[in-house]
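Below is one structure, written out as structure tokens; comments come after it.
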Amino acid sequence: MKEILKEIEERFGPIWERVQRPKLAQVGIEPAKAVPLLTWLKEHRGYVTLVHLSAVDWIEQGEFQLTWLLGNPETEERLMICSRIDRENPAAETVSGLWPQAVTYEQEINEMFGVSFPGSPRQGVPFILEGWKDIPPMRRDFDTVAFVEKHIPGREGRKHIDTRTYIGEKFGEKGYLHD
Amino acid sequence: MSLKHVLQPFNAWVQAFSKPYTIPMKDTMRPGADRYRGWHINDVEKCVGCGTCADICQNAAIDMVPVKDPVKGDSGLRPKIDYGRCCWCALCVDVCTTGSLGMSNEYTWVEKDPEKCRYTPGVDAKPWDGSEKGWRQEEGFSLIVKDRVPMPMLDPKERIKTWAEVVVGYSVEEARKEAARCVSCGLCVAACPAHMHIPDYIGAIRDGDFEKALDFIYDNNPMPEMCGKVCTRRCEGVCSVGIQGEPLAIRWLKRFATEQFEDFAKVLHPEVKRVGEGKKVAVVGGGPSGVTVAYYLAVRGFEVTIYEALPQLGGATFFGIPKYRFPMPSLEKQVDLLKKAGVKIVTDHRVEKDEFRRLLEENDALFFGTGLMKPYKLGVPGEDLEGVIYALDLLRDHHVGKKVEVGESVVVVGGGNVAIDASRVSRRLGAEVTIAYRRRREDMPADDEEIEDAEAEGIELVTQSIPLRVEKLENGKLDFIWGPAEMVPPDRPGGRPKPKLIEGVENHLQVDRVIVAIGQKGEFEWMPEEVAEKVVTSRGWVEVDETGMTQWPGIFAGGDLVNSTADAISAIADGLKAVEGIQQFTLEGLSVSKS
Amino acid sequence: MTETRERSKEVQIWFGPQHPGITGNMSVQTWLDGDTLTRGITHVGYLHRAFEKLMERRLYIQSFPIVCRICVPEPDTNEWLLASALEELSGLDREVPEKARWIRTLVLEMSRLGAMLMVLGGHAGSMGLGPAPQWMIALRDLVLDRFEELTGGRVYHMYIVYGGVRRDLPEGFAERMEQTLKTIESKLPLIDDVIFGSAVFRKRAMGVGVVPREWAFEMGISGPVIRAMGIPKDVRKDEPYEKYAELDFDVVTEEGSDIFARAMVRRREIQQSIDLIRQILARMPKEGPYCAELPNMLEWTIPVGQTYVRAESSRGEMGYYVVTDGSKKLRRVHVRGPSYVHGVSLLERLIPGTNIADLAPLMVSLQVCPPEIER
């Protein structure tokens, strides 16, 4: 996998890379070069399969990571192409012209993360959710507990006591340096 | 389309004559497999209510509910399971620290009332209670780490040649690894007399935030480096991880955290209100209880002076505990913080009657924690012979820098920590050492690890031996004569088995010194009679109320004089109690009365 | 529910979500001209349980009982994938004992066997051939009996855990497994008679639902669907995991790429699984630990990293994309099921021109599993 990584670096400029397993490598690249790289890999290097497209929310850095996983059926090697986009008004180039099944992935990421892929056919069409009004639910700042408490009332009469806190209270655990 | 393919499916008819592999309805109550994960069972006697089952339950199906009063080593809580949420993954069983929780192999349970499908196993009786089969913990699979990270120690052969610290201490990696074993149940907090924030500082060590750990530690213990080295660690005795494995090395972790800092004052930033400005408190006796009172009152703005008879603060932890366990720099570091907090320290100064009266006049409150300084006597003929000495005297003389000699061989009488300390010090002074103890090894009050360390250093242990008398021999040595004992049942139920002398047998042991270490008591000669009359009981103890105050308003006390456990951490707990008591007392505007 | 569209004389029919012919809880919105489908859109979301989100909010060990629930017929692949990904990222993979590897391979193969028995029954059932599915479900239950005694659970096994497996093989397991395999084998000729020997099945399965070969790689088709095209793709061979590299087996392929070929691949893979289970049991180490020494699972943290692991489920390449951020919880897990492609893009492309009666058999032959699509 070293050769292909080297070639990518030569052709597409600075990247970060890592060989995770003998048949799996990771490449990080700036968003503008991601789709040209994917196209080149598909057209010229035998990475014809789009195994999946996924997003990761790095809320602390204010970024979304998009991960295209390509497969080469000849060598059974997998390349993970990662690219970070701004979390504000996130958008990325579509690959639905290269792979028909990308439409579904882009539709789902659009729904679950709020990342838009202009030109992809099913953007804005609900895929899994119906009548969803909240923020896109796979974002890290979507509070699942608050959502559940609001929509699904818990069972009545349940009360859990945390052992650690309970013992502190019962045995008069106190601090003397802080009020 | 061939005729064959039209006819072939009719072969299915042969099935009509074969034995069905479905089970007839009447047999549906077939039992589950031997390790089927069915309804829960819990041995509530074994369960200590640590709550790890509730912590690991990803469905939040488990509530810890009180079924009895909490005691040390048992929170009194038991898991109550909501079968509307349970997914039968049995992680609760696998993580259980005691192995009390299990699952029966019962498949079915029909109930009209859904509320009944929420029960406390072992408390609410169910038909499958006592089920032998079902999912249980098994050897070879554990979700918690049972083995402790071993503490590096000096080799026994090397260490008897030096006064260097025997315990080397954890590295950062070792400490974080050990800390990561904690399940944060908090049972230790109940057992610690000072109720230190144990899971919190262990958690901070695990996360690598040692400043935060020290902050948690100092929050209610002003001598943590001492406790980190020599504490009796009641906490470890109840550690839930220790029930099926080795308890967390709570003491060593505390030690680790304190060892990370040269100057505690740079790390600690007390945030309490300085309510005590203008109030004066005198502390007589600079042991752990006195130090505790002094430090926490000083950070509250009180003007505190400690009076200590010996050249250094620390009390028994200074003069009693050998330096290979608790070196001087460790002690000095903690005393240094006290000074930086503004405490005035007067050492080499024994408070006598008149001065005590004057201190009462001049201060808003007075605390004394003068400890047990008077050894018990053996009570056998020959005790007054030259060469029969007391362990406390030996240790004190040694630690204040006097030259002590123990000769070539000694026998130490007793089985407590003082006996072990005296033995190991004698060993380092070059003597062959025998410990003579009345009861069995398992009855020895000394710390197990201490006994093991002593044995590793070549100290011989003779148990069930009762001293009969000591005689002077012509060669100048002493003849220690003892008789063997058998153990007889205790007088009262729940008591310890007692040693009873087997008459007619005498054993002889030639030694240079007989060191007596069978306990010590309080000494009140320095105290004005009118005070002693009110505060000291007929049995030589001091009684205090829940604020640490004696019968004399304004006089507070703590430490070995007051509590029955006589260890440093209990003294610190007494001190904490008195801090609150003194604060209340002085801020209510009352002054020390002479009544 | 029907709706006449005047413009094109097309009739719109919702196939599912409440329909016995649909695979699981999903629906296909179809448009018909006569009884020929002209267009179809897959709709999922009826079974969305937010597994991926739930796992981001739980400790690693707490994610372990969740993943198996992604797939009812074949939970173990999910368990293995999560375990394997986290072992790789934490370095625990170096400590997984030999015996655990063998037991894991056994469990994975047993789950493939169980799932294929079920889906082969489904092939017949979707064409109205009654007895076969009943027998197949009963045979699968015999596999579940073995699962019950091995893992403590019948359907959700929660057995393959980080570092190994949760319990050792019970006493006498190999013998009872052999008995089960014999029973299954003894019924297979009969199944051949009623399914592959049946004129109804042959007529409706042959030449129907043909997936063009050129779609294979571009769309990421895998499992029996790609092997029915004559392409020998199988993760167990392509990137062998656990003990598959040490086992003796050939990739099953069929020609034709139609429903019949896919059913035949499954039929032959049932036999293959039976053979593999025998091989595994014969080579199973007698002694040794079945799980590595685990760290305290309540406080386990895994360094920053990301990986993609894959396994051959009965449906095809199942993959987990896992991202860790150094904390006690997953940053992200993406479950890549073969149905994501098979059930949406591929199905929608195959629908035009298909007879409406063939839609259910087509979906079964693609082995569409909605929880894999919506997770």
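The values are calculated or read from the model by the stated rules, or taken from the named source; none is laboratory data. All values derive from a computational prediction rather than experimental measurement. Methodologically, a virtual Cβ is constructed for each residue, glycine included, from the backbone with ideal geometry; neighbour enumeration extends over all protein chains shown. Only protein heavy atoms, including side chains, enter the accessible area calculation; ligands, DNA and RNA are left aside. Shrake-Rupley method; radii C 1.70, N 1.55, O 1.52, S 1.80 Å.
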*Across peptide C:283-293, how many C-beta atoms of other chains are within 10 Å of each residue C-beta, on average?*
2
*Among the lysines in chain C, how many pairs, 8 or more places apart or on different chains, have alpha carbons under 30 Å apart?*
24
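In percent, what relative contact order does the range C:49-132 have, based on Cα pairs under 8 Å that are 6 or more apart in sequence?
23
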*asked:* Based on alpha-carbon centroids, what's the gap between the range C:247-284 and the range C:48-125 in Å, whole number please?
replied: 20
*Calculated from backbone phi, Karplus (6.51, -1.76, 1.60) coupling profile of the range C:13-23 in Hz, x at Gly/Pro*: 10, 8, 9, x, x, 9, 8, x, x, 7, 8
*Compactness ratio of chain B: Cα Rg over 2.2 N^0.38 Å, N = residue count?*
1.24
*Principal-axis tilt of helix B:250-259 within chain B, Cα atoms, nearest 10 degrees*: 60
*Would you mind putting B:376-385, B:64-73, C:332-341 in packing order, based on average other-beta-carbon counts within 10 Å, highest first?*
C:332-341, B:64-73, B:376-385
*Near the amide H of residue C:317, under 5 Å away, which other amide H atoms are found, from residues 5 or more places off or on another chain, if H is placed in the peptide plane?*
C:222, C:223
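Could you give the size of the charge dipole of the protein assembly as shown about its Cα centre, using +1 on the Cβ of each K and R and -1 on the Cβ of each D and E, expressed in debye and rounded to the nearest 20?
Details: 145 positive and 172 negative charges, 538 e Å.
The dipole of the protein assembly as shown has a size of about 2580 debye.
Using only the Cα atoms, work out Rg/Rh for the range A:2-170, with Rh taken as the Kirkwood radius, to two decimals. If you can, show how the numbers build up before the last one.
Working: Rg = 20.6 Å, Rh = 18.3 Å.
Rg/Rh for the range A:2-170 comes to 1.13.
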*For the range B:298-338, list residues with backbone N below 15 Å from a point placed 7 Å from the Cα of residue B:272 toward its Cβ?*
B:298-305, B:338
*With a point put 7 Å past each Cα toward its Cβ, work out how far residue B:505 is from residue A:58 in nm, to one decimal.*
7.7
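Keeping all protein chains in place and using 1.4 angstrom, which order do B:408, B:486 fall into by accessible surface area, from largest down? All intermediate terms of the calculation are to be shown ahead of the outcome.
Working: B:408 130, B:486 80 Å².
Result of the area sort, largest leading: B:408, B:486.
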*Whole-Hz ³J(HN,Hα) from phi, Karplus 6.51 cos²θ - 1.76 cosθ + 1.60, for the range B:520-525, glycine and proline x*: 8, 9, x, 9, 10, 5
*Binning at 10 Å from 0, report for the protein assembly as shown what percent of all alpha-carbon pair distances ends up in each bin.*
2, 9, 15, 17, 16, 13, 10, 8, 6, 4, 1, 0, 0
_Amide N proximity, the range A:1-30 versus residue C:245 label position 7 Å along Cα-to-Cβ, cut-off under 16 Å_ = A:1, A:20-24
*What accessible surface, in Å², does a 1.4 Å probe find on residue B:397, ignoring ligands, DNA and RNA and rounding to the nearest 10?*
40
*Solvent-accessible area per residue, Å², over the range B:396-501 with all protein chains present [probe radius 1.4 Å]*: 46
*Amide H neighbours of residue C:14 under 5 Å, counting only residues 5+ apart in sequence or on other chains, H built in-plane at 1.01 Å?*
C:30
*asked:* For a quick check: with amide H placed at 1.01 Å from N, whose amide H comes under 5 Å from residue B:76's, ignoring anything fewer than 5 positions away on the same chain?
replied: B:71
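Hey, what did chain B get for relative contact order, percent, Cα under 8 Å, at least 6 apart? Write out the running numbers ahead of the final one.
Values: 1223 pairs, mean separation 69.1, N = 595.
Relative contact order here is 12 percent.
Would you please put B:153-162, C:283-292, A:165-174 in order of how densely packed they are, using the mean number of other Cβ atoms within 10 angstrom per residue and starting with the highest? All intermediate terms of the calculation are to be shown ahead of the outcome.
Values: B:153-162: 13.5, C:283-292: 15.2, A:165-174: 16.9.
In descending order of packing, they fall as A:165-174, C:283-292, B:153-162.
Sum up the charges of everything whose Cβ sits under 10 Å from the Cβ of residue B:363, counting Lys and Arg as +1 and Asp and Glu as -1, but leave residue B:363 out.
Working: positive: B:279, B:280, B:358; negative: B:303, B:361, B:362, B:364.
Overall, the nearby charge balance is -1.
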*How far is helix C:75-90 tilted off the main Cα axis of chain C, in degrees rounded to 10, range 0 to 90?*
50
*Positive-end residue, chain B charge dipole about Cα centroid, Cβ charges, pick of B:86, B:422, B:256*: B:86
*Taking K and R as +1 and D and E as -1, what net charge do the other residues with C-beta under 15 Å from the C-beta of residue B:581 add up to?*
-3
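Averaged over every viewing direction, what's the projected area of the C-alpha convex hull for the range A:85-131? Give it in nm², one decimal, please. List each step's numbers first, then the result.
Values: hull surface 13.0 nm².
Quarter of the Cα hull surface area: 3.2 nm².
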*Evaluate the relative contact order of the range B:377-518 (contact order divided by residue number), counting alpha-carbon pairs under 8 angstrom at least 6 apart; express in whole percent.*
31
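Taking beta carbons within 10 Å but only from partner chains, what does the mean come to for residues B:190-201?
Details: counts 7, 2, 2, 1, 3, 7, 2, 5, 2, 4, 4, 0.
Mean partner shielding for this stretch: 3.
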*Average other protein chain Cβ within 10 Å of Cβ, residues C:191-200*: 5
*In the range B:491-547, trypsin sites (Lys or Arg not before Pro) in a DSSP loop with at most 13 other beta-carbon atoms within 10 Å*: B:539
_How large is log10 of I(q)/I(0) for the range B:156-267 at q = 0.15, 0.24 Å⁻¹ when the intensity is taken from the Debye formula with one equal scatterer per alpha-carbon?_
-0.61, -1.40
*Estimated translational D of chain C in µm²/s (Stokes, Kirkwood radius over Cα pairs; 37 °C; 0.692 mPa s)*: 154
*asked:* Along the charge dipole of chain C, pointing to its positive end and built from +1/-1 on Cβ of Lys, Arg, Asp and Glu, which listed residue (C:211, C:97, C:191) has its Cα farthest out?
replied: C:211
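Could you rank the peptides A:57-64, C:323-330, B:38-45, C:260-267 by their average count of other C-beta atoms within 10 Å per residue, with the highest value first? Write out the running numbers ahead of the final one.
Working: A:57-64: 15.0, C:323-330: 17.5, B:38-45: 21.0, C:260-267: 25.1.
So the order, starting with the most tightly packed, is C:260-267, B:38-45, C:323-330, A:57-64.
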*asked:* From the helices alone, meaning DSSP H stretches of at least four residues, give me the mean residue ellipticity at 222 nm for chain C, per-run term -39500 (n - 2.57), in deg cm²/dmol to the nearest 500.
replied: -13000 deg cm²/dmol
_What is the distance in Å between the Cα centroid of the range C:332-367 and that of the range A:85-144?_
21
*What nm distance separates the two modelled labels at residue B:354 and residue C:29, each placed 7 Å from Cα along Cα→Cβ?*
10.4
*How many times 2.2 N^0.38 Å is the alpha carbon radius of gyration of the range B:377-518?*
1.03
*Could you give the semi-axes, largest first, of the ellipsoid that matches the range B:30-119, computed as the square roots of 5 times the alpha carbon gyration tensor eigenvalues and rounded to whole Å?*
22, 15, 12
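With +1 assigned to the C-beta of every Lys and Arg and -1 to the C-beta of every Asp and Glu, and no other charges, what is the dipole magnitude of the range A:2-170 about the Cα centre in debye, to the nearest 20? Don't skip to the end; give the middle numbers.
Working: 22 positive and 27 negative charges, 101 e Å.
With only Lys, Arg, Asp and Glu charged at Cβ, the dipole is about 480 debye.
When only DSSP loop residues count, what GluC sites (Glu not before Pro) in the range B:217-286 have their Cβ near at most 14 other Cβ atoms within 10 Å? Intermediate values should be presented prior to the final figure.
Values: sites: B:225, B:236, B:259, B:262, B:271, B:277; in loops: B:262, B:271, B:277.
Within the range B:217-286, the qualifying GluC sites (Glu not before Pro) (loop, at most 14 other Cβ atoms within 10 Å) are B:262, B:271, B:277.
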*asked:* If I take the Cα coordinates of the range A:23-101 and project them onto the principal axes, what are the three extents in Å, biggest first?
replied: 39, 26, 20
*Roughly what would the spin-label model give for residue A:145 and residue C:213, points 7 Å off Cα along C-beta, in nm?*
5.7
*List the lysines whose Cα lies under 26 Å from the Cα of residue B:68, skipping any in the same chain that are fewer than 8 positions away.*
A:159, A:170, A:174, B:46, B:80, B:116, B:126
*asked:* Between the range B:521-595 and the range A:17-68, what is the separation of their alpha carbon centroids in Å?
replied: 72
_Using only Cα atoms and rounding to the nearest 10 degrees, what angle (0 to 90) does helix B:328-340 make with the longest principal axis of chain B?_
80
*Short version: ³J(HN,Hα) in whole Hz for each residue of the range A:28-43, in order, from phi by Karplus 6.51 cos²θ - 1.76 cosθ + 1.60 (θ = phi - 60°), x for Gly and Pro, what are they?*
x, 8, 5, x, 5, 9, 5, 5, x, 5, 4, 4, 4, 4, 6, 6
